[in-house]
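Colleague: Below you'll find the structure I mean.
The values are calculated or read from the model by the stated rules, or taken from the named source; none is laboratory data. Just so you know, these numbers come straight off a predicted model, no measurement behind them. A quick note on method: Cβ atoms are made from the backbone with ideal geometry, for glycine too, and the neighbour counts reach across all protein chains shown.
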Amino acid sequence: MSDARQYAPATQRNRDVILDVLRPVLPARGLVLEVASGTGEHVVHLAGALPGLAFQPTDPNPEALASIEGWIAASGVTNVRRPLRLDATAEHWPVATADAVLCINMIHIAPWAAAVGLFAGAARILAPGAPLYLYGPYRRGGAHTAPSNEAFDQSLKTRDPAWGVRDLEAVIGLAAADFTGPDITEMPANNLSLVFRRR
């Protein structure tokens, strides 16, 4: 049987620091929806460390969905559901309710409409007080926080002009109608963890 697993090298470097931020944020029990699960490496790592939670990975990309399936099978975790196809911009998501929503490294590798859809969708399915977690690089005060982030931003825009490192203030503004926060944690490699809470 062929192995459909994909590998994102950054996951090995950031998965434990992300877990450290999420431990006090996520509920002890319930369903965690991950939007844009990518390779699937993060979700199986989090699930292995947080066995009281059920995780629902999603992605719009068929190759990513196959990779997620591969990681679930290889890891042996039993609290990760089969991945679902989810386009963040869709008006209806395949999950009606969740106790938390995670989105790691998506909004800069997608059009701005995906960020708009992420907050709209999370607002529809989260109860008041439930967390929405974002991780990735951001511009602050209109400027990049490191030369490496500026170079990354340029490389993203070369691949697709609709992509790019987002302004933190614009993301907070997008969230403001439905979410409080964010609580911001500085992360390695000039990334940020943002925790919003449903109003």
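Colleague: For segment 2-50: of the residues being assigned to a loop (DSSP other than H, G, I, E, B), at negative phi and among the hydrophobic types (A, V, I, L, M, F, W, C), which is farthest from the chain's Cα centre (by Cα)?
Modeller: Here is the first cut: in segment 2-50, the residues assigned to a loop (DSSP other than H, G, I, E, B) are 2-8, 23-29, 35-40, 50.
In the following step, the residues that additionally are at negative phi were identified as 2-8, 23-29, 35, 37, 39, 50.
If we keep only those that are among the hydrophobic types (A, V, I, L, M, F, W, C) too, we end up with 4, 8, 25-26, 28, 35, 50.
Numbers: Ala4: 21, Ala8: 14, Val25: 14, Leu26: 14, Ala28: 19, Val35: 6, Leu50: 17 Å.
Across segment 2-50, the extreme among qualifying residues is Ala4.
Colleague: Quick check on my filter: what residues within segment 164-199 are over 17 Å from Arg124 (Cβ atoms), part of a helix (DSSP H, G or I) and touching a residue at least 40 places away in the same chain (Cβ under 8 Å)?
Modeller: Scanning segment 164-199 gives Val171, Pro188, Ala189, Asn190.
Colleague: Among the residues of segment 115-135, what is the count of those that are among the hydrophobic types (A, V, I, L, M, F, W, C), surrounded by fewer than 16 Cβ atoms within 10 Å (Cβ to Cβ) and either at pLDDT below 95 or more than 26 Å from Phe152 (Cα to Cα) (or both)?
Modeller: Looking only at that region, the number is 1.
For every residue, the table says whether it meets (1) surrounded by fewer than 18 Cβ atoms within 10 Å (Cβ to Cβ); (2) assigned to a loop (DSSP other than H, G, I, E, B); (3) more than 16 Å from the chain's Cα centre (by Cα); (4) not basic (Lys, Arg).
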position: Ala73; (1), (2), (3), (4): yes, no, yes, yes
position: Arg82; (1), (2), (3), (4): yes, yes, yes, no
position: Ala88; (1), (2), (3), (4): no, yes, no, yes
position: Val101; (1), (2), (3), (4): no, no, no, yes
position: Met106; (1), (2), (3), (4): no, yes, no, yes
position: Ala113; (1), (2), (3), (4): yes, no, no, yes
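Colleague: Please find, within segment 115-140, the residue that is nearest to Val165 (Cα to Cα) out of those that are in a helix (DSSP H, G or I) and of a type in the set (A, V, I, L, M).
Modeller: Ala115
Colleague: Among the residues in segment 137-150, are any in contact with a helix residue (DSSP H, G or I) (Cβ under 9 Å, 6 or more places away or on another chain), crowded, with 22+ Cβ neighbours inside 10 Å and either of a type in the set (Phe, Trp, Tyr) or at pLDDT 95 or above (or both)?
Modeller: yes
Colleague: Considering each of Leu31, Leu26, Leu46, Leu19 in turn, give the residue that is surrounded by fewer than 21 Cβ atoms within 10 Å (Cβ to Cβ), in contact with a strand residue (DSSP E or B) (Cβ under 9 Å, 6 or more places away or on another chain) and under 20 Å from Asn79 (Cα atoms).
Modeller: It is Leu31.
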